[in-house]
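Just so it is clear, none of the values below were taken in a lab; they were calculated from the coordinates. Small disclaimer: the values here were computed from a predicted structure and weren't measured. With ideal geometry, Cβ positions are generated from the backbone for all residues, glycine too; neighbour counts draw on all protein chains shown.
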């Protein structure tokens with residue numbers, strides 16, 4: 001588990017690709033520096049659930065990849081909705097595949113939104129402004 005700042009995390013990014021951390025830090029450097037956004041990173045669904053045990057009340061959004069080894073993003077979403085009903089963080093699912101089946105699974109299991117990779121960071125920033 002890695003934080004981009006010493007502040008408490010507000011957005012948890014879950015992705016097995018470790019380079020996602022430097023990508024988010026680069027794309028959101030201005031917002032991070034101003035203290036507008038803070039990110040934490042988990043590199044598996046299991047790591048995300050462990051992190052949430054002590055930080056669930058701080059997290060307003062979880063951005064989770066769907067395709068990860070071990071626990072999938074859909075399974076993580078199901079567990080979050082059961083284990084953390086209140087406060088109930090928004091969950092945005094991210095996948096490299098523009099697949100209707102994944103979209104339906106994500107929405108059925110309580111996802112608030114769905115993005116495809118490569119992430120359009122200007123679109124993501126717009127979505128984050130409405131949180």
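Observations, loosely collected:
- Relative contact order %, the chain, counting alpha carbon pairs below 8 Å whose residues are six or more apart: 23 percent
- Treating r as the C-beta distance of residue 127 and residue 16 and R0 as 25 Å, the FRET efficiency rounds to 0.65.
- For the chain, the equivalent ellipsoid derived from the alpha-carbon gyration tensor has semi-axes of 20, 17, 14 Å in decreasing order.
- For the chain, adding -39500 (n - 2.57) for each run of n ≥ 4 DSSP H residues and dividing by the number of residues yields -11500 deg cm²/dmol at 222 nm.
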